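Everything on this sheet refers to the single structure shown next.
The values are calculated or read from the model by the stated rules, or taken from the named source; none is laboratory data. If you're wondering where the values come from, they're calculated on a predicted model, not measured in any experiment. Reconstructed Cβ throughout: ideal geometry from the backbone, glycine too, with neighbour counts over all protein chains shown. Heavy atoms of the whole protein, side chains included, go into the accessibility calculation; ligands, DNA and RNA do not. Shrake-Rupley method; radii C 1.70, N 1.55, O 1.52, S 1.80 Å.
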Amino acid sequence: MSTLASSADLGQAIRRLRRAHRVTIDDLAATAGMHPTYLSSIERGHRNPTWNKLCGLADALDVPIATLAGEAEQEAVVARIAQAARARLSQPIREIR
């Protein structure tokens with residue numbers, strides 16, 4: 001099932017890939033040609049990067065742009081599952097009879 005990924009999902013995916021590559025935010029930003037504050041805003045889901053910025057990030061991470069999209073979609077699925085679990089946990093416990 002396809003899930004529409006948000007800016008926050010994309011940011012989480014980029015952060016996860018950056019950390020998996022053991023790259024600092026400063027180094028990734030420099031390699032991708034952007035300011036570290038801008039990259040931080042992307043990772044936190046506060047910015048919607050342009051296609052050129054996404055391509056720069058994919059190149060800097062040495063992954064295809066499709067990987068960024070796939071990872072963002074995966075983050076969206078995880079977020080949806082976590083949200084459903086939180087909703088179930090907040091429901092009152094029913095008495096067992």
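Points worth noting:
- Cα lying deepest toward the dipole's positive end in the chain, options Ile42, Gly56, Leu89, charges on Cβ: Leu89
- Theoretical ellipticity at 222 nm over the chain - DSSP helices of four or more residues, -39500 (n - 2.57) apiece, nearest 500: -21500 deg cm²/dmol
- In the chain, the GluC sites (Glu not before Pro) that fall in loop regions by DSSP, at most 12 other Cβ within 10 Å: Glu95
- Only protein heavy atoms count here; on that basis, with a 1.4 Å probe, Leu39 has an accessible area of about 0 Å².
- Of the whole protein surface, Arg19 contributes about 150 Å² of accessible area at a 1.4 Å probe radius.
- Average accessible surface area per residue within the chain, 1.4 Å rolling probe, Å²: 70 Å²
- Contact order for the range 9-97, expressed relative to its length and based on alpha carbon pairs under 8 Å spaced 6+ residues apart, stands at 36 percent.
- Across the range 53-62, rounded Karplus estimates of 3J(HN,Hα) from the backbone phi angles (6.51 cos²θ - 1.76 cosθ + 1.60, θ = phi - 60°) give 5, 5, 5, x, 5, 4, 4, 5, 8, 6 Hz, Gly and Pro being marked x.
- Options (1) 2, 13, 22, 22, 13, 8, 6, 5, 3, 2, 2, 1, 0; (2) 3, 14, 27, 29, 19, 7, 1; (3) 2, 13, 24, 26, 17, 11, 5, 1, 0 - which one matches P(r) over Cα pairs in 5 Å bins from 0, in percent as calculated here: (1)
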